[in-house]
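The values are calculated or read from the model by the stated rules, or taken from the named source; none is laboratory data. Fair warning: this is a prediction, and the values are worked out from it, not measured in the lab. Every residue, glycine among them, receives a Cβ derived from its backbone with ideal geometry; neighbour counts consider all protein chains shown. Each accessible area value is taken on the protein alone, full model and side chains, heavy atoms only, with ligands, DNA and RNA left out. Shrake-Rupley method; radii C 1.70, N 1.55, O 1.52, S 1.80 Å.
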Amino acid sequence: MWATAVGVARVRALETERENALFRDPLAQAFATAGGLWPSSPPLPDDEASRRRRLAVSYSIVIRTKFLDDLLQQASASGVRQVVLLGAGMDSRAFRIDWPEGTRLFEVDTAAPLDFKASVLRQERAVARCERITVAVDLREDWPGALAAAGHDPAVPTVWIAEGLLIYLPEDAVELLLARISAQSAAGSWMGLTLGSRGVIERLGADAAPGSAASMWVSEMPDDPVGWLAGHGWEADSHTLRERAAAYGRPISTPPQREERPGGLISAVRR
């Protein structure tokens, strides 16, 4: 998973260099190239299928980043001042988004990526634009307890982000994570999720190289993600990558290979 987090930073760094970038992440390049700080990853396979897979994954990272940036800004505009990034990885939103005064942003991840991240942030003399609090805990453990100990207040609304996370968790772990989020969410809370689209493991993960990100995918979204989240007390909207890409002026040029079901980009509000 470490190499995966740095791979996401590489994609964000490349997007940042584009003239018509959908977002700017000035720290992404530093995370992607911090020599000697992160374990080296094996060379990537260079066959056509692997290149297509990397292109598809990179494209999805760019679109989902923009989608969740917009969601966070909408939640902030609605008055939410608590942000929790679950499996934060190399996320730099604390540093690149203009947060309203009083925003507290919690980054939840294991100690190793948070320590690596801290070393890069020190090198870059990065200054957060909100109160940033790191919470070193494994999401398989009592992360709600660790989050509460760090100062999270479940009595006031929170915006939760689980980006590129749930696809790596088995179905029972996804259910537990959602139940825990829901238990810590006051009315008026928001949530942004990325879910593995139906069939994506067969299309991109089945023949992926051992140890690659796609080889570790285990969970796809339910057939009815909106109904699934309603059962947990959330009013959700579901979007496909294709829909959002077109809305952002970055349309997918290839036609859909099959009927596209409800999509894996989810925004939800706790009522």
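For the range 1-55, a tally of residues being open to solvent by less than 70 Å² (accessible area, probe 1.4 Å), of a type in the set (S, T, N, Q) and either outside any loop (DSSP other than H, G, I, E, B) or at pLDDT 95 or above (or both) returns 3.
A quick yes/no check of all residues on (1) among the acidic types (D, E); (2) in contact with a Gly (Cβ under 9 Å, 6 or more places away or on another chain); (3) at pLDDT 95 or above:
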| position | (1), (2), (3) |
| --- | --- |
| A118 | no, no, yes |
| V127 | no, no, yes |
| V135 | no, no, yes |
| A150 | no, no, yes |
| E163 | yes, yes, yes |
| E202 | yes, no, no |
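Taking (1) touching a helix residue (DSSP H, G or I) at 6+ places or on another chain (Cβ under 6 Å); (2) in a helix (DSSP H, G or I); (3) surrounded by 21 or more Cβ atoms within 10 Å (Cβ to Cβ) in turn, R180 satisfies each apart from (3). Within the range 153-180, being within 19 Å of L68 (Cα to Cα) and without any contact (Cβ under 8 Å) to a residue 40 or more places away in the chain holds for no residue. Of all residues in the range 216-271, which are among the aromatic types (F, W, Y) and at pLDDT 90 or above? W228, W234, Y248 - these are the residues of the range 216-271 that are among the aromatic types (F, W, Y) and at pLDDT 90 or above.
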